[in-house]
Amino acid sequence: VNETQCNLGKWIIELESKSESYTKTSSWTNLKDGHLRIHKGMQDIINENAGESLNRELEKDSQELDRAISDVFKTIQQVKTDSSNATYIV
């Protein structure tokens, strides 16, 4: 599935459609960016694996995917903080 069809993507779309104030923060932008990088990274790995790529190329793609996943978890925590302080966000 693509980034709009997975559960995280659906959640992002739902909250943006509700115009939640914290969806206008830099944390939210970082969350969306990281989420997109996860999908791109998975597709890159699939493409590399389908071809005859070298292990070092797969390792590089895997490391980037790992960073993207880590970034998403970190930014989800920041979005959680932002949402609890939503009345203070302009």
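Against the test of being surrounded by 12 or more Cβ atoms within 10 Å (Cβ to Cβ) and aliphatic (A, V, I, L, M), the options V79, V1 yield a single qualifying residue, V79. Looking across the range 11-38, the residues that are more than 12 Å from the chain's Cα centre (by Cα) and not aliphatic (A, V, I, L, M) come down to E14, E16, S17, K18, S19, E20, S21, Y22, T23, K24, T25, S26.
Being among the small types (G, A, S) and at pLDDT 95 or above is the filter; apply it to the range 4-22 and report the residue that is surrounded by the most Cβ atoms within 10 Å (Cβ to Cβ). Within the range 4-22, the match that is surrounded by the most Cβ atoms within 10 Å (Cβ to Cβ) is G9.
Can we say L58 is at pLDDT 95 or above, assigned to a helix (DSSP H, G or I) and either out of contact with any Pro (no Cβ under 9 Å at 6 or more places or on another chain) or crowded, with 17+ Cβ neighbours inside 10 Å (or both)? Working first, answer last.
Values: at pLDDT 95 or above: no; assigned to a helix (DSSP H, G or I): yes; either out of contact with any Pro (no Cβ under 9 Å at 6 or more places or on another chain) or crowded, with 17+ Cβ neighbours inside 10 Å (or both): yes.
No: the conditions fail for L58.
Taking the listed residues T29, T25, the one that is out of contact with any strand residue (DSSP E or B) (no Cβ under 7 Å at 6 or more places or on another chain) and open to solvent by 80 Å² or more (accessible area, probe 1.4 Å) is T29, with no other qualifying. Scanning the range 34-44 for residues that are buried (at least 17 other Cβ atoms within 10 Å of the Cβ) and either charged (D, E, K, R) or at pLDDT below 90 (or both) returns R37, D44.
Does S70 satisfy the criteria of being part of a helix (DSSP H, G or I), at negative phi, surrounded by fewer than 18 Cβ atoms within 10 Å (Cβ to Cβ) and touching a helix residue (DSSP H, G or I) at 6+ places or on another chain (Cβ under 9 Å)? In short, yes.
The values are calculated or read from the model by the stated rules, or taken from the named source; none is laboratory data. Here the structure is a predicted model, which means the values were calculated and not measured. Cβ: placed from backbone, ideal geometry, glycine included. Neighbour counts: every protein chain shown. Please note that ligands, DNA and RNA were not included when accessible areas were found on the heavy atoms of the full protein model with its side chains. Shrake-Rupley method; radii C 1.70, N 1.55, O 1.52, S 1.80 Å.
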